[in-house]
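Undergrad: Provided herewith is a single structure, encoded as structure tokens, for subsequent inquiry.
The values are calculated or read from the model by the stated rules, or taken from the named source; none is laboratory data. Bear in mind that the values here come from a model prediction, so they are computed numbers and not experimental data. Cβ atoms come from the backbone with ideal geometry, glycine included; neighbour counts cover every protein chain shown. The area values use the complete protein model at the heavy-atom level, side chains included, leaving out ligands, DNA and RNA. Shrake-Rupley method; radii C 1.70, N 1.55, O 1.52, S 1.80 Å.
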Amino acid sequence: MADYQPQPEHKFTFGLWTVGNMGRDPFGEPVRSALSPVEIVHLLAEVGAYGVNFHDNDLVPIDATPADRDRIVRDFKQALADTGLVVPMATTNLFTDPAFRDGAFTSNDARVRAYALQKTMRAIDLGVELGAKIYVFWGGREGTETDAGKDPLDAGKRFRDALNFLCEYVRDQGYDLKFALEAKPNEPRGDLYLPTTGAMLGFIATLDHPEMVGVNPEMAHEHMAGLNFMHAVAQAWDAGKLFHIDLNDQNFARYDQDFRFGSHNLKQSFFLVKFLEDVGYAGNRHFDAHAYRTADLEDVKAFARGCMRTYLILKDKAARFGADAEIQALLAEIGQADPNLAGLPGRYSRDTADALKALQFDRGALGQRGLPYERLDQLTVEVLLGVR
Ligand code: GCO
Ligand code: MN
Ligand code: MN
């Protein structure tokens, strides 16, 4: 482990749009030249990634002819075969084209909603053809700037209808494919619907085939909303819904920064990696990030290598945390059981309820008990700083 070299079993993936990002921002033109999908596959193989994900139009331009499509897909497949990279996830671009400027599945225009479904079915076909087992839905334009023109109940119903339709499509085609819904609070819309992973989890329960649908939480998105990402991931895991994950980094309360994983909030990144490794998350670890606008091609490779290397270093730190006797002793002290409780409350029964109601508690002593979180946190910081 000490060499921190990415291996296929780590399931590190990048989107075509991540290392292929040309550095355009709302204030400035692109700063890097376009890389073809084939070039990106070779770049990812060079840095040691396991897989490559794409939006339909990252691979096949929206105005490609059928002949263009066939040639592009053939070349891409050849690049995958030459490098051994796989395509674990695919998704639809339902945000770039002006047709989607008021949303795709939630648009007020029925023709746009129908077009979005058509585009997604075709993109699902493409993703499945290339081997994808997870299909991500990020509703980049599903929201509003003003609530004067769109009813959130209508929007929610339209989004639900679209996902129900697409689940049936996948079943009808016999595809081995699951959906993962990705929440984001805002950007590019003023407000996006279903803005957090928790909101997505609530929504999934209202679908016709909830078992086909999970979430794709993204670190930056929960941080934009000021939330604790690891807690959102834990809730998704607990619900059996952690189908995919988008790793990156982000200053709190900023625009969507998509920084290299671990570049900003080291401690949050550590607790996230520790969580994923402790529970045995076996899915893809997808880096939905891009290099700084100042980067040249070599620095883009350094960015990609850095995402994976930092993950593996944090995984190593999590193992050290688990093996540190002092840390474990403090955890045992914090979690110690009281023999006087004799297993109460346990599962509910009339007897356990009666026994619990009859127990005497020393409330003053409970309130006086100190908890060594300062010591524990300092030891955690010291593990992270490399002195333990
Ligand atoms: C963003 C999103 C996207 C999605 C991607 C896959 O903030 O732009 O994170 O990068 O993850 O569209 O669905
Ligand atoms: Mn994002
Ligand atoms: Mn994302």
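Undergrad: Out of Ile40, Ile72, report the one residue that is free of Cβ contacts under 8 Å to residues at least 60 places away in the same chain, among the aliphatic types (A, V, I, L, M) and in contact with a Pro (Cβ under 8 Å, 6 or more places away or on another chain).
TA: None of the other options fit; the residue is Ile72.
Undergrad: Checking the structure you have, find out if any residue of the range 111-123 is touching a residue at least 60 places away in the same chain (Cβ under 8 Å), out of contact with any Asp or Glu (no Cβ under 6 Å at 6 or more places or on another chain) and either open to solvent by less than 50 Å² (accessible area, probe 1.4 Å) or on the phi > 0 side of the Ramachandran plot (or both).
TA: Yes, the range 111-123 contains at least one residue that is touching a residue at least 60 places away in the same chain (Cβ under 8 Å), out of contact with any Asp or Glu (no Cβ under 6 Å at 6 or more places or on another chain) and either open to solvent by less than 50 Å² (accessible area, probe 1.4 Å) or on the phi > 0 side of the Ramachandran plot (or both).
Undergrad: Does Glu211 qualify as being closer than 27 Å to Glu46 by Cβ, open to solvent by 20 Å² or more (accessible area, probe 1.4 Å) and away from ligand 3 (no atom under 16 Å from the Cβ)?
TA: Here the answer is no, as Glu211 does not meet what is asked.
Undergrad: So which pairs qualify, if the first residue must be in the range 163-176 and farther than 20 Å from Thr106 by Cβ, the second must be open to solvent by 80 Å² or more (accessible area, probe 1.4 Å), the Cβ gap must be under 7 Å, and the two must be at least 6 apart or on different chains?
TA: Listed pairs, sorted by first residue: Asp176/Lys133.
Undergrad: Still on this model: Hey, does the range 239-261 have a residue that's within 16 Å of ligand 1 (Cβ to nearest atom), part of a helix (DSSP H, G or I), open to solvent by less than 10 Å² (accessible area, probe 1.4 Å) and touching a Leu at 6+ places or on another chain (Cβ under 7 Å)?
TA: There is no residue in the range 239-261 that is within 16 Å of ligand 1 (Cβ to nearest atom), part of a helix (DSSP H, G or I), open to solvent by less than 10 Å² (accessible area, probe 1.4 Å) and touching a Leu at 6+ places or on another chain (Cβ under 7 Å).
Undergrad: Does His231 satisfy the condition of being open to solvent by 20 Å² or more (accessible area, probe 1.4 Å) and within 15 Å of ligand 2 (Cβ to nearest atom)?
TA: Answer is no for this residue.
Undergrad: Also: What number goes with the only condition from (1) of a type outside the set (A, V, I, L, M); (2) open to solvent by less than 60 Å² (accessible area, probe 1.4 Å); (3) away from ligand 3 (no atom under 16 Å from the Cβ); (4) in a helix (DSSP H, G or I) that Gln268 does not pass?
TA: (2)
Undergrad: May I pose another question? Suppose the filter is over 22 Å from Gly214 (Cα atoms) and within 16 Å of ligand 3 (Cβ to nearest atom); does Thr91 pass it?
TA: Answer is no for this residue.
Undergrad: Residue check: is Phe229 within 12 Å of the chain's Cα centre (by Cα), aromatic (Phe, Trp, Tyr) and at negative phi?
TA: yes
Undergrad: Please identify the pairs in which a residue from the range 200-221 that is within 23 Å of Arg189 (Cβ to Cβ) and touching a residue at least 40 places away in the same chain (Cβ under 8 Å) has its Cβ atom under 6 Å from the Cβ atom of a residue that is within 16 Å of ligand 2 (Cβ to nearest atom) and aliphatic (A, V, I, L, M), counting only partners at least 6 apart or on another chain.
TA: Phe203/Leu194; Asn216/Val136; Asn216/Ala180; Met219/Leu247
Undergrad: Looking at the structure I just gave you, is Thr120 closer than 22 Å to Tyr193 by Cα and of a type in the set (S, T, N, Q)?
TA: So Thr120 fits the description; yes.
Undergrad: Just one of (1) at negative phi; (2) within 16 Å of ligand 2 (Cβ to nearest atom); (3) surrounded by fewer than 22 Cβ atoms within 10 Å (Cβ to Cβ) trips up Pro217, so point out which.
TA: (3)
Undergrad: Hey, another quick one. Do any helices (runs of 4 or more DSSP H) entirely within the range 287-388 hold 2 or more residues that are touching a residue at least 60 places away in the same chain (Cβ under 8 Å), and if so, which?
TA: 297-323, 373-385
Undergrad: Look through the range 181-203, keep the residues that are part of a helix (DSSP H, G or I) and within 14 Å of the chain's Cα centre (by Cα), and return whichever of them is nearest to Ala104 (Cα to Cα).
TA: Met200
Undergrad: Can His290 be described as at pLDDT 95 or above, surrounded by 21 or more Cβ atoms within 10 Å (Cβ to Cβ) and on the phi < 0 side of the Ramachandran plot?
TA: Criteria met by His290.
Undergrad: Could you tell me which residue of the range 320-341 is nearest to Lys274 (Cα to Cα), considering only residues that are at pLDDT below 95 and exposed (fewer than 10 other Cβ atoms within 10 Å of the Cβ)?
TA: Top of the filtered list is Gly335.
Each row is one residue, and each column tells you yes or no for (1) open to solvent by less than 50 Å² (accessible area, probe 1.4 Å); (2) of a type in the set (A, V, I, L, M, F, W, C); (3) modelled with pLDDT under 95.
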| position | (1), (2), (3) |
| --- | --- |
| Asp68 | no, no, no |
| Ile72 | yes, yes, no |
| Ala79 | yes, yes, no |
| Pro88 | yes, no, no |
| Asn93 | yes, no, no |
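Undergrad: Related question: Any idea which residue in the range 296-329 is farthest from ligand 2 (Cβ to nearest atom), counting only those that are hydrophobic (A, V, I, L, M, F, W, C) and touching a helix residue (DSSP H, G or I) at 6+ places or on another chain (Cβ under 6 Å)?
TA: Ranking the candidates gives Ile327 first.
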